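The values are calculated or read from the model by the stated rules, or taken from the named source; none is laboratory data. Source: prediction; values computed, not measured. Please note: Cβ atoms are built from the backbone with ideal geometry, for glycine as well, and neighbour counts cover all protein chains shown. Calculation scope for accessible area: heavy atoms of the full protein, side chains included, ligands and nucleic acids excluded. Shrake-Rupley method; radii C 1.70, N 1.55, O 1.52, S 1.80 Å.
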Amino acid sequence: MKKSLDRYLLQPGVYYLQGSQACIEGAIVAGCRVYGGYPITPATEVMEHAALRLPQVGGRFIQMEDEIASACVLIGATWAGAKAMTATSSPGFSLMQEAISYAIMAETPLVIVNVQRPGPGQGYITASQEDVMQARWGHHGEGSIIALAPASVQEMFELTIEAFNLSEQWRTPVLVMAEEPVAHMRERLVIPPKDDIKIVNRKKPQDVGITPENYLPRSHDIMAPMANWGEGYNVNHVGLVHLEDGNVTKYSPRMHYECISRLQQKIEGNVNKIARVETEFTEGCEHLVVCYGAVSRSSIEAVKEAREERGIEIGFLKLVTLWPFPEAKLREIVGEVDTIFVPEMNLGMMKHPITESLRDRCRRVVSIPSLGILHSPEYILSKIYEELK
Amino acid sequence: MNIYKRLEIRIAGFGGQGVVTVGKILGTAFTVFEGKNSVNSQSYGPESRGGACKSEVIVSDGEINYPHVRRADIFIALSQLALDTYISDLKEGGILIVDPNSVKNVPERRKYDVYEVSTTEIAHKVGGVKFQNCVALGALYPFIKDLIKETSLRKAISESVPANTLKVNMTAFERGKRYIKEHYVIEEN
């Protein structure tokens, strides 16, 4: 059965695909075989491609009644042993927060792609980065999250694979915070040979020699192996604060603190393993642009032109990972600079953790906001020149 | 035409005229069959049906960062609304291909290198208005022929259109190309 479906996997080579399509192709390579979703502009193309592709590779595609159900179906599918994902856009992302919160508590790997649109309310249907704070703080309660920001069709493919890998490794929901320009553009996608792609699968108790009698679903080691339903293990999981055996019967403030601080620590304590940034011209730079997602494409052009046209010593730093916020990495890279520019398709959101991380390393942080449309390089450049005149 | 560090092509018309498909065909041809880099994007708005709709293709031998048009080298306008909306981004001396049946007024015409091709009429002759986009693609070809082989474009067309319309689409492409050759002298650089 498996062999006969292999021909439906995209073979290594060069393709010309939309970001949304590349996202699903990445998911399939990562092992995703369940997609539950509800359509919404500008994320619908992801769902359309999932509807076409998942059944071809032996997976399941389910159109749910709404976004709440779309996120919840992933939790069930994951515990039944599948890798599962959905995609939505901002209003739908709001509806998924409850399930995200539950999945964090129940340590459930799953991937949610948010092709963001402007808000609040129904906002509009164009480009946006207005949910980057919701990604981190939208769900109720404590518990860290992992969120990635793709900037190209190639990254829609690669970061979706990485999202699944991280979610399996750290047993947590992972968010791919995409934007309309990247989701809708067509661009070269290179599918590498299968052996060159790293795939991470969840650690199961039977893989590490833990018998059903000795299995604790919520071991207080940083990562407990994950048993699927139906494999003979006692899989007790609740959305409540719990002990190692997954139960809440003996509540105490101490076990509460241990349970939640472990959820926090497994992400924040491993930020250097999880988070990635990319840089150009940062060594000894006098000024710096910090950006993420599609805006990094406009920013690098602006940075190059500012250097060429006016000889401004300005560096470029792209956050590939938004959350956990890579503070230590930023401090490692950024020595002492004058002005940090933060162009974002919102009114200044990631500016805050950037400022918090680097306030003693720069004179000032200047936001370059844009709503509903991707910054042009000219726009970023004009703001840089205006501030540095 | 010189080899461009960055060639910017914009095609615009009404929703339904196939401008998105033209962008996809061009991008596929340049990227998959010519080994260049290209990024294709479309305008996206609630007014996409009947309103101004555009598709953009950026081509380069190097890396492409900003995915949209900064100063278009070539602009194909299939409606007056599309022309009025997007003409300001066409660089001075840029190539402007218009359908004179729908584009009656080109402001500051002398700033641009204007070519009039009756894409609608030609499309009707070969099989219907839905082939207008491939006529326009054919009309575009003589201007980019130094950058891309005709076979690459034809391969991309055959990958992008329904099999039962392939023959007519190819004819439409051929007629568009021929129209430019018969009516204009393209200066070789």
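Does B:LYS155 satisfy the condition of being touching a residue at least 40 places away in the same chain (Cβ under 8 Å), assigned to a helix (DSSP H, G or I) and closer than 26 Å to B:ALA72 by Cα?
Here the answer is yes, as B:LYS155 does meet what is asked.
Pull up region A:323-342, narrow it to residues that are under 22 Å from A:ALA302 (Cα atoms) and of a type in the set (A, V, I, L, M), then point me to the one that is most open to solvent (accessible area, probe 1.4 Å).
That would be A:ILE333.
Condition check: more than 25 Å from A:HIS375 (Cβ to Cβ) and either in a strand (DSSP E or B) or within 11 Å of another protein chain (Cβ to nearest Cβ) (or both). Does B:THR21 satisfy that?
Taking the combined requirement at face value, the residue does not satisfy it.
Is region B:117-129 home to any residue that is in contact with a Leu (Cβ under 6 Å, 6 or more places away or on another chain), of a type outside the set (D, E, K, R) and surrounded by fewer than 21 Cβ atoms within 10 Å (Cβ to Cβ)?
No, region B:117-129 contains no residue that is in contact with a Leu (Cβ under 6 Å, 6 or more places away or on another chain), of a type outside the set (D, E, K, R) and surrounded by fewer than 21 Cβ atoms within 10 Å (Cβ to Cβ).
Go through region A:1-61 and tell me which helices (runs of 4 or more DSSP H), entirely inside it, have 1 or more residues that are touching a Gly at 6+ places or on another chain (Cβ under 9 Å) and within 14 Å of another protein chain (Cβ to nearest Cβ).
A:44-56
A:GLU301 passes all but one of (1) under 21 Å from B:VAL69 (Cα atoms); (2) open to solvent by less than 10 Å² (accessible area, probe 1.4 Å); which number fails?
(2)
Take the residues in region A:343-382 that are in a strand (DSSP E or B) and under 20 Å from the mean Cα position of the chain (by Cα); name whichever of them is nearest to the other protein chains (Cβ to nearest Cβ).
This residue is A:PRO343.
Please work out if B:VAL59 is more than 25 Å from A:ILE125 (Cα to Cα) and crowded, with 18+ Cβ neighbours inside 10 Å. Before the answer, list the steps.
Values: more than 25 Å from A:ILE125 (Cα to Cα): yes; crowded, with 18+ Cβ neighbours inside 10 Å: yes.
Answer is yes for this residue.
This table checks each residue for (1) over 16 Å from the mean Cα position of the chain (by Cα); (2) free of Cβ contacts under 8 Å to residues at least 12 places away in the same chain; (3) over 16 Å from A:VAL46 (Cβ atoms).
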residue	(1), (2), (3)
A:TYR102	yes, no, yes
A:ILE112	no, no, no
A:GLN134	no, no, yes
A:LEU148	no, no, no
A:GLU168	no, no, yes
A:PRO173	no, no, yes
A:MET177	no, no, no
A:PRO192	yes, no, yes
A:ILE197	yes, no, yes
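Restrict the check to region A:175-194 and report whether at least one residue is assigned by TED's automatic domain parsing to the domain that holds A:VAL113, open to solvent by less than 10 Å² (accessible area, probe 1.4 Å) and under 30 Å from A:LEU243 (Cβ atoms).
Within region A:175-194, one or more residues are assigned by TED's automatic domain parsing to the domain that holds A:VAL113, open to solvent by less than 10 Å² (accessible area, probe 1.4 Å) and under 30 Å from A:LEU243 (Cβ atoms).
Of all residues in region A:262-315 being assigned to a helix (DSSP H, G or I), among the hydrophobic types (A, V, I, L, M, F, W, C) and closer than 16 Å to A:MET350 by Cβ, which is nearest to the other protein chains (Cβ to nearest Cβ)?
The extreme case among them is A:VAL295.
Of the residues A:GLY119, A:GLY143, only one is within 28 Å of A:ALA224 (Cβ to Cβ) and not β-branched (Val, Ile, Thr); which? Spell out the reasoning first.
Numbers: A:GLY119 fails: within 28 Å of A:ALA224 (Cβ to Cβ).
Of A:GLY119, A:GLY143, the one residue that is within 28 Å of A:ALA224 (Cβ to Cβ) and not β-branched (Val, Ile, Thr) is A:GLY143.
If a residue must be within 14 Å of chain A (Cβ to nearest Cβ), part of a strand (DSSP E or B) and either in contact with a Cys (Cβ under 7 Å, 6 or more places away or on another chain) or open to solvent by less than 50 Å² (accessible area, probe 1.4 Å) (or both), how many such residues does region B:66-94 contain? Please lay out each step first, then the result.
Quick first cut of region B:66-94, residues within 14 Å of chain A (Cβ to nearest Cβ) only: B:66-72, B:88-89, B:91.
Remaining after also requiring part of a strand (DSSP E or B): B:72, B:91.
In the following step, the residues that additionally are either in contact with a Cys (Cβ under 7 Å, 6 or more places away or on another chain) or open to solvent by less than 50 Å² (accessible area, probe 1.4 Å) (or both) were identified as B:72.
Counting residues in region B:66-94 that are within 14 Å of chain A (Cβ to nearest Cβ), part of a strand (DSSP E or B) and either in contact with a Cys (Cβ under 7 Å, 6 or more places away or on another chain) or open to solvent by less than 50 Å² (accessible area, probe 1.4 Å) (or both) gives 1.
Conditions: (1) closer than 25 Å to B:THR28 by Cα; (2) surrounded by 14 or more Cβ atoms within 10 Å (Cβ to Cβ). B:ASN164 meets all but one. Number of the miss?
B:ASN164 satisfies every listed condition except (2).
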